[in-house]
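Peer 1: What follows is a structure written as structure tokens; I'll ask about it next.
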Amino acid sequence: MSAPLPPGSTIGILGGGQLGRMTALAAARLGYRTHVFCPEPDAPASQVSGATTRGAYDDPAAQVRFAAAVDVITYEFENIPLAPVEALACVKPVRPSPGVLAICQDRIREKHAVNAAGIATARFAAIETDRDLAAALATVPPPAILKTARLGYDGKGQARVADAAEAAAAFARFGRVACVLEGIVDFTCEVSVIAARGRDGAVACYPTVENRHKHHILDETIAPAALPAAVAQEAERIARTIATRLDVVGLLAVEMFVTRDGRVLVNELAPRPHNSGHWTIDACVTNQFEQLVRAVAGLPLGSPERHSDAVMKNLIGDEVLDWPRLAAEPGACLHLYGKAEPRPGRKMGHVTRLVRRADRT
Ligand code: AMP
């Protein structure tokens, strides 16, 4: 294995959003430079990085400039087009690998990969044609959820369907692209685990956290989740197993459902920093962004130990306008992403409130 990247090296980040921004801040702390590649002007990550290649991801000239300027490449969102990532990987190491990204971009491949690791998902059937839809409705009887296999996020590309007619209408509305029909899970809570995995194969997991959503967007993360220890440990085992099976170098966030009878089912995977891990910035010895930097740079992982429990609240759209009050709240750790316009549904920042473990009775 090659030596770790020395401080002063440059980490390339594909994507300019808040996840890239917080990765760049963590990289800076370890003495690395960051160089962002994204199409948008004044992106949150660009504001805190030494350099940006601004261009379309599939622009070959921009790719060449970017690849020449960096030592290693990572990405901060998984809906990035795969072909440019594969092209970049021929020139500089991309971590996690394009193969991991390809699996996580496609719900059908993702579910097969999870099941192949011996881990349960909701019952599902893959659909590519109207004929598949009829077969899927027999395997997964409605009510069910139809999801596009690709490019869905925050509830987009999803429809609850009560019967065959609604399923056919939703499939047509999605443009007859590849979909999965999923059985509805009667869950008691939604949880996630973020696993960091180093180049040496070492894995460090953060504890299982509970995620509460509003309008399909993450609203609050409670760390750790209030679950029986065996259930929380099972969720961590699942994340560790999948990260190892997929040979992830970097981060893997695993979103899961906990059913009424205490089973843990995987919903989806993200091979990048995750909103449900933002609390680690303020509550853990090494936060998720630093783990990513360490993994892609070939450093040993840091300790994921948490010194505090925490509740992370996202600031979505106009909620960010409350920043003066939050900035004045003692003990509230306020993070703002440098986005000018608070549009509805836009993640503008977050606030983490710590519950010191020693203070708990
Ligand atoms: P996803 O985009 O797959 O994360 O789904 C967005 C949200 O829809 C999840 O966080 C759940 O609240 C809900 N959801 C997704 N799939 C299912 C399912 N199979 N059963 C019940 N609720 C689901």
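Peer 1: For the list (1) farther than 20 Å from R263 by Cα; (2) within 16 Å of the ligand (Cβ to nearest atom); (3) in contact with a strand residue (DSSP E or B) (Cβ under 6 Å, 6 or more places away or on another chain), I need the number of the one condition that K156 fails.
Peer 2: The single condition K156 does not satisfy is (3).
Peer 1: Note down all Cβ pairs under 7 Å where the first residue falls in region 240-253 and is over 19 Å from V293 (Cβ atoms), the second is open to solvent by less than 40 Å² (accessible area, probe 1.4 Å) and β-branched (V, I, T), and they're at least six residues apart or on different chains.
Peer 2: R240/V203; T241/I119; I242/V114; I242/I119; I242/V254; T244/V203; L246/V100; L246/I103
Peer 1: Here is a follow-up. Could you check, for region 168-178, whether at least one of its residues is among the charged types (D, E, K, R) and not assigned by TED's automatic domain parsing to the domain that holds A310?
Peer 2: yes
Peer 1: Take the conditions touching a strand residue (DSSP E or B) at 6+ places or on another chain (Cβ under 7 Å), within 15 Å of the ligand (Cβ to nearest atom) and of a type outside the set (A, V, I, L, M) and apply them to E236. Does it pass?
Peer 2: So E236 does not fit the description; no.
Peer 1: Do we find that T208 is of a type outside the set (G, A, S) and in contact (Cβ under 8 Å) with a residue 60 or more places away in the chain in this structure?
Peer 2: Criteria not met by T208.
Peer 1: Determine whether A138 is farther than 14 Å from E268 by Cβ, outside any loop (DSSP other than H, G, I, E, B) and modelled with pLDDT of 95 or more.
Peer 2: Values: farther than 14 Å from E268 by Cβ: yes; outside any loop (DSSP other than H, G, I, E, B): yes; modelled with pLDDT of 95 or more: no.
Spelling it out, it is not the case that A138 is farther than 14 Å from E268 by Cβ, outside any loop (DSSP other than H, G, I, E, B) and modelled with pLDDT of 95 or more.
Peer 1: Of the conditions (1) open to solvent by less than 50 Å² (accessible area, probe 1.4 Å); (2) in a loop (DSSP other than H, G, I, E, B); (3) in contact (Cβ under 8 Å) with a residue 60 or more places away in the chain, A340 clears all except one; give me its number.
Peer 2: Answer for A340: the failing condition is (1).
Peer 1: Of the numbered conditions (1) more than 30 Å from T286 (Cα to Cα); (2) of a type in the set (D, E, K, R); (3) in a strand (DSSP E or B), E190 satisfies every one except a single condition; which is it?
Peer 2: (1)
Peer 1: Still on this structure, please answer the following. Any residue that is open to solvent by less than 10 Å² (accessible area, probe 1.4 Å) and outside any helix (DSSP H, G or I) - is there at least one of those in region 296-308?
Peer 2: Filtering region 296-308 down to residues open to solvent by less than 10 Å² (accessible area, probe 1.4 Å) leaves 296-297, 308.
Now restrict to residues that are outside any helix (DSSP H, G or I): 308.
Among the residues of region 296-308, at least one is open to solvent by less than 10 Å² (accessible area, probe 1.4 Å) and outside any helix (DSSP H, G or I), which makes the answer yes.
Peer 1: Restricting attention to region 117-140, report how many residues are of a type in the set (G, A, S) and surrounded by 21 or more Cβ atoms within 10 Å (Cβ to Cβ).
Peer 2: Total meeting the criteria: 1.
Peer 1: Another question about this same structure. Counting only residues that are within 15 Å of the ligand (Cβ to nearest atom) and open to solvent by less than 50 Å² (accessible area, probe 1.4 Å), which one in region 195-219 is nearest to Q158 (Cα to Cα)?
Peer 2: Filtering region 195-219 for residues that are within 15 Å of the ligand (Cβ to nearest atom) and open to solvent by less than 50 Å² (accessible area, probe 1.4 Å), the one nearest to Q158 (Cα to Cα) comes out as I217.
Peer 1: Shifting gears a bit: Which of the residues belonging to region 258-275 are open to solvent by 10 Å² or more (accessible area, probe 1.4 Å) and within 16 Å of I217 (Cα to Cα)?
Peer 2: Of everything in region 258-275, those that are open to solvent by 10 Å² or more (accessible area, probe 1.4 Å) and within 16 Å of I217 (Cα to Cα) turn out to be N267, E268, H274, N275.
The values are calculated or read from the model by the stated rules, or taken from the named source; none is laboratory data. Values in this document were obtained by computation on a predicted structure and should not be read as measured data. Note that each Cβ is placed from the backbone with ideal geometry, even for glycine, and that neighbours are counted across all protein chains shown. These accessible areas exclude ligands, DNA and RNA; they are computed on the full protein's heavy atoms, side chains included. Shrake-Rupley method; radii C 1.70, N 1.55, O 1.52, S 1.80 Å.
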